[in-house]
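Peer 1: Before I ask anything, let me first share the structure, which is written out below as C-alpha cells.
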Amino acid sequence: MDTNKKNHFTLIELLVVMVIIAILFSMTIGLIGLINDKTKISGTEAIVKQISAAMQAYRIDQGYYFTNTSAFQSLSSSADPVDPSNRFKFNLGGNIDTEFIKYFDYESLRGRGYIKTVTGAGGYAYIVDAWGRSLLYRTPNNPLTNGTVNSSMFDIGSLGKDGKYGDNSTNPADFGKGDDITNFNY
C-alpha cells in the first residue's frame with residue numbers, strides 16, 4: 001500500500017465546483033430580481049386600492065370626487081407623466097386637501113416612501129408608485145381630465161415597471177394596458 005499518496009483535488013474538480021457555484025449564484029440573483037419585481041407590483045396595487053377606496057369614501061361623504069385642480073394636479077389626456085407639474089399632488093396646508101388626507105393612511109404611506117414632499121413656497125406632497133413615479137389620476141365631470149375608462153368615476157394608476165403607457169407606448173390612450181397598474185381592467 002502506498003502511504004506517500006496525498007489527497008488533493010484536481011484542477012478539473014475545482015473548476016467543476018466553481019462552475020456549479022456560479023450557476024447557483026446566477027439563479028439566486030435572478031430569483032431575487034423576480035421577487036423584487038413582484039413586491040413592487042404588489043405594493044403599487046395596494047397603493048392604488050387604498051387611494052381608490054379613499055376617493056370612494058370622500059365621494060360618499062362630500063357628494064363628489066376630490067377634484068380641486070388648484071390643489072390636486074390631475075392629468076390631461078396629452079400630459080407628459082414624467083413632467084413634475086403633472087403629479088398626482090395635494091397641498092399640505094389647504095382645508096380641502098387636509099380633508100382628503102384623512103381618508104387614507106397618509107403617515108403610513110409617507111413612512112414607506114410612497115409620499116414625496118416638495119417644500120418651499122407652494123409646497124405640496126405627491127403619491128408615487130413603487131418605482132418612484134407619480135400616480136396618474138383622471139377625474140369624471142372635468143373636461144380636461146375625464147376618466148378614460150371609468151367615465152362615471154375616476155382612473156388612477158401607475159405606468160408600471162417600464163414607466164410607459166401600456167406596452168411601451170407614449171400614447172396616453174394606452175393607459176391601463178400592458179404592465180400598467182390601475183383601478184380598472186381592460
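FYI, it's all coordinate maths here, none of it is from the lab. Just so we're clear, the structure is a prediction, and the values are computed from it rather than from any experiment. Methodologically, a virtual Cβ is constructed for each residue, glycine included, from the backbone with ideal geometry; neighbour enumeration extends over all protein chains shown.
Peer 1: Could the peptides 125-133, 171-179, 25-33 be put in order, highest first, of the mean number of other beta-carbon atoms found within 10 Å of their residues? Intermediate values should be presented prior to the final figure.
Peer 2: Working: 125-133: 18.9, 171-179: 17.0, 25-33: 10.0.
Going from most to least packed, we get 125-133, 171-179, 25-33.
Peer 1: Would you tally the net charge around ASP174, using a Cβ to Cβ cut-off of less than 9 Å, leaving ASP174 out, and scoring K and R as +1, D and E as -1?
Peer 2: 0
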